[in-house]
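Chemist: Okay, handing you the structure first.
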Amino acid sequence: DIAQNATNYKDHVDLGCIRLNMRPLLNIIAQHCTEWKNTLGKLLDEDTVEKMETMRKSIEELKFTVKQNIKGLERFKAIMQAIATIRKNNIQAELDFLRFQEIYSMLKQHEIYFDPEHEALAYQLEKDWKSLLLSGLYREQTLESTKERFAGLTLNEINDFLEVLKEFLEQLNK
């Protein structure tokens, strides 16, 4: 707005019998405003790209964990934890990729240059997150019987431990 106002301001000012040519000063002010706008836009783009890369890596890690084969209790726990993380972070992730998309829309609106691949990444993150969410929910549904089996095994181990503990207490009280 300052640059636009400087461009639209009248070229000269009369001070008594002296006429001042304001155009060179106004042009410099408009030029500096444009440079500041571009510099701030570049910094916003760099920060956004960094955050998008962090989100992309997180999605890849969660996707890898969710797709693993179950080989033991620890792997099962890791998969279930990844699914819980996806569910817990769903709203924040949606807000994040929508904010990234909005930033690039704003930069475009203000005619600030950025790499088009950055905007494409913002939209790709949305697709990747939604895909991850659906695969996590599907995997959770397919693991219900496995979860019940592990719950049964855990319950048996707890009962066995209680028996050992009971025997120990009986021997201790003798």
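Chemist: Rank these residues by their accessible area, most exposed first, probe 1.4 Å: Phe76, Phe168, Phe64.
Modeler: Working: Phe76 15, Phe168 115, Phe64 135 Å².
The most accessible residue leads, giving Phe64, Phe168, Phe76.
Chemist: Checking the cross-link filter: which lysines have an alpha carbon closer than 18 Å to that of Lys37, excluding same-chain neighbours under 8 positions apart?
Modeler: Hits, sequence-local ones excluded: Lys108.
Chemist: Counting other C-beta atoms within 10 Å, and keeping those with at most 10, which DSSP coil trypsin sites (Lys or Arg not before Pro) do you find in segment 54-125?
Modeler: Lys71
Chemist: Could you give each residue of segment 57-71 its phi-based ³J(HN,Hα) in whole Hz, using Karplus coefficients 6.51, -1.76, 1.60 with θ = phi - 60°, and x for Gly or Pro?
Modeler: 5, 4, 4, 4, 5, 5, 4, 4, 5, 5, 7, 5, 7, 7, 9
Chemist: Then there is this: Answer with one residue from Ile18, Val164, Asn8: the one whose Cα lies farthest towards the positive end of the charge dipole of the chain, charges on Cβ with Lys, Arg +1 and Asp, Glu -1.
Modeler: Value computed over the given set: Val164.
Chemist: For Lys166, tell me the accessible area in Å² from a 1.4 Å probe, rounded to the nearest 10.
Modeler: In the full protein context, Lys166 sits at about 110 Å².
Chemist: Which three extents, in angstrom, do the Cα atoms of the chain have along their principal axes, listed largest first?
Modeler: For the chain, the Cα extents along the three principal axes come out at 115, 39, 18 Å.
Chemist: Contour minus end-to-end for Gln141 and Glu50, with contour as 0.36 nm per residue of separation and end-to-end as the Cα-Cα distance? Provide the component values of the computation, followed by the final result.
Modeler: Numbers: separation 91, 0.36 × 91 = 32.76 nm, distance 3.38 nm.
Between Gln141 and Glu50, full extension yields 29.4 nm more.
Chemist: Can you list the HN-Hα couplings for segment 149-166, worked out from phi with the Karplus curve (6.51, -1.76, 1.60; θ = phi - 60°), rounded to whole Hz and with x for Gly and Pro?
Modeler: Once rounded to whole Hz, the list reads 5, 5, 5, x, 4, 5, 4, 4, 5, 5, 5, 4, 5, 4, 5, 4, 5, 5.
Chemist: Find, to one decimal place in angstroms, the Kirkwood hydrodynamic radius of segment 25-69, where the mean of 1/r is taken over every pair of different Cα atoms and then inverted. Walk me through the numbers on the way to the answer.
Modeler: Values: mean 1/r = 0.0752 Å⁻¹.
By the Kirkwood definition, the hydrodynamic radius is 13.3 Å.
Chemist: What GluC sites (Glu not before Pro) does segment 92-174 have in DSSP loop regions with at most 15 other beta carbons within 10 Å? Don't skip to the answer; put the middle values down first.
Modeler: Details: sites: Glu94, Glu102, Glu111, Glu117, Glu119, Glu126, Glu140, Glu144, Glu148, Glu157, Glu163, Glu167, Glu170; in loops: Glu111.
In loop regions of segment 92-174 (DSSP not H, G, I, E or B), the sparsely surrounded GluC sites (Glu not before Pro) are Glu111.
Chemist: Check the straight Cα-Cα distances from Lys130 and name the aspartates and glutamates below 14 Å, setting aside those fewer than 8 residues away within the same chain.
Modeler: Partners within reach: Glu60, Glu94, Asp96.
The values are calculated or read from the model by the stated rules, or taken from the named source; none is laboratory data. Keep in mind that this is a model prediction, so the values were computed, not measured. Every residue, glycine among them, receives a Cβ derived from its backbone with ideal geometry; neighbour counts consider all protein chains shown. What goes into the accessible areas is simple: the full protein's heavy atoms, side chains included, and nothing from ligands, DNA or RNA. Shrake-Rupley method; radii C 1.70, N 1.55, O 1.52, S 1.80 Å.
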